[in-house]
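For reference, the structure is listed below as structure tokens.
All of the numbers you see were taken from the coordinates with simple rules; none came from a lab. All values reported here derive from a predicted model rather than from experimental measurement. With ideal geometry, Cβ positions are generated from the backbone for all residues, glycine too; neighbour counts draw on all protein chains shown.
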Ligand SMILES: [Mg+2]
């Protein structure tokens, strides 16, 4: 059984400096090994149509929501084409969801930057393996999950303790929002919005 954030023994998450946290306008998330543990269930329906399923973490999803609440754009960029990824992105209102079997992630992100009028220094990416390396070398805040491979760990400004699919995205979202000083207010806004007293969603 892999260790997750909910298990004891991981220790405190590393912090992200205020300077780095405050410049982030776009967070790019890899899918396999970051939003998931990298496992893919592959099978077929009785009709013969192939079926691919992935397991996503609900606490990661809330972290994404809180980033969006803070005005930070979240994008998903994957080197594998999967309906499961598109469905999860839609659930989280992530409109910038790019899947390319050739793992041409730089060109996908360049398109987002042009549309949003941002530059590479305002981008954070959370990755786990070699398909992310070219992007991690270009962005202002390169970050990796706790079980990332050595090559990407070497270029990361921030490495979480959680494994991909086991709370790594939530851990990074919290590091950004705490670095900006926004975390406590967002938590309170979230609670208020669900107490029957607030005006937000
Ligand atoms: Mg990956």
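Structure above, values below:
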{"item": "FRET E, pair residue 90, residue 118, Förster distance 25 Å, beta-carbon r, rounded to 0.05", "result": "0.65"}
{"item": "Contact order relative to length of the chain, as percent, for alpha carbon pairs under 8 angstrom and 6 or more apart", "result": "29"}
{"item": "Cβ crowding within 10 Å averaged over residues, with 43-53, 76-86, 104-114, 23-33 ranked highest first", "result": "23-33, 76-86, 104-114, 43-53"}
{"item": "Calculated [θ] (222 nm, deg cm²/dmol) that DSSP helices of n ≥ 4 give over the chain, each run adding -39,500 (n - 2.57)", "result": "-10500 deg cm²/dmol"}
